[in-house]
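Trainee: Sharing a structure, written as structure tokens. Questions coming.
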Amino acid sequence: MKFPPSDAVRDALILALKTDENPAVRIVAVEGLARIATAGKDSTALDALRAKAGDERENGYVRVQAAQALSRLEL
């Protein structure tokens, strides 16, 4: 399911990225935030991705996905 970029969708994805216990959900949140950041140059979405990529408490795969999303966005 795809949703148009909006503050509400972005905020829901950030909440999932920060709080959901399932790494698969957090990865989907990373992907959604990357799309939002690309579509609208959303600095809040970028900040959330940067925070997750640098979070040493996070699952390694989720961190890598966030870092890769950032590298594609910040060329």
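Trainee: For the range 50-58, take each phi angle, set θ = phi - 60°, evaluate the Karplus expression 6.51 cos²θ - 1.76 cosθ + 1.60, and give the result in whole Hz per residue in order, putting x for glycine and proline.
Mentor: 4, 4, 5, 4, x, 7, 5, 7, 7
Trainee: Here's another thing I want to ask about it. Could you run the Karplus curve 6.51 cos²θ - 1.76 cosθ + 1.60 with θ = phi - 60° over the range 22-27 and give me ³J(HN,Hα) per residue in whole Hz, x for Gly and Pro?
Mentor: 8, x, 5, 5, 5, 5
Trainee: Something else: Given just the C-alpha atoms of the chain, how large is their convex hull per residue in cubic angstrom?
Mentor: Expressed per residue, the convex hull around the Cα atoms of the chain is 79 Å³.
Trainee: Under a Cβ-only charge scheme (Lys and Arg +1, Asp and Glu -1), can you give me the dipole magnitude of the chain about the Cα centre, in debye to the nearest 20?
Mentor: Using Cβ point charges on Lys, Arg, Asp and Glu, the chain gives about 200 debye.
Trainee: Among V64, V30, what's the order by accessible area (1.4 angstrom probe), most exposed first?
Mentor: Reading off the accessible areas and sorting them downward yields V64, V30.
Trainee: Full extension from D7 to V25: what is 0.36 nm times the residue separation minus their Cα-Cα distance, to one decimal in nm?
Mentor: Stretched fully, the D7-V25 segment lengthens by 4.6 nm.
Trainee: A further question follows. Relative contact order of the chain, please, whole-number percent, based on alpha carbon pairs below 8 angstrom and at least 6 residues apart.
Mentor: 27 percent
Trainee: With all protein chains present, how much of the accessible area of the chain (probe radius 1.4 Å) comes from carbon and sulfur, to the nearest whole percent?
Mentor: With neighbouring chains kept in place, the figure for the chain is 56 percent.
Trainee: Can I ask one more? DSSP loop (so not H, G, I, E, B), at most 14 other Cβ within 10 Å: list which trypsin sites (Lys or Arg not before Pro) in the range 1-66 pass both filters.
Mentor: Sites meeting the loop and neighbour criteria: K2, K41, R57.
Trainee: What number comes out for accessible area per residue over the chain if the probe is 1.4 Å? Units Å², please.
Mentor: 65 Å²
The values are calculated or read from the model by the stated rules, or taken from the named source; none is laboratory data. Because the structure is predicted, anything quoted here is derived from the model rather than measured. No Cβ is skipped: glycine too gets one built from the backbone with ideal geometry, and neighbour counts run over all protein chains shown. Heads up: the accessible areas ignore ligands, DNA and RNA and are worked out on the full protein's heavy atoms, side chains in. Shrake-Rupley method; radii C 1.70, N 1.55, O 1.52, S 1.80 Å.
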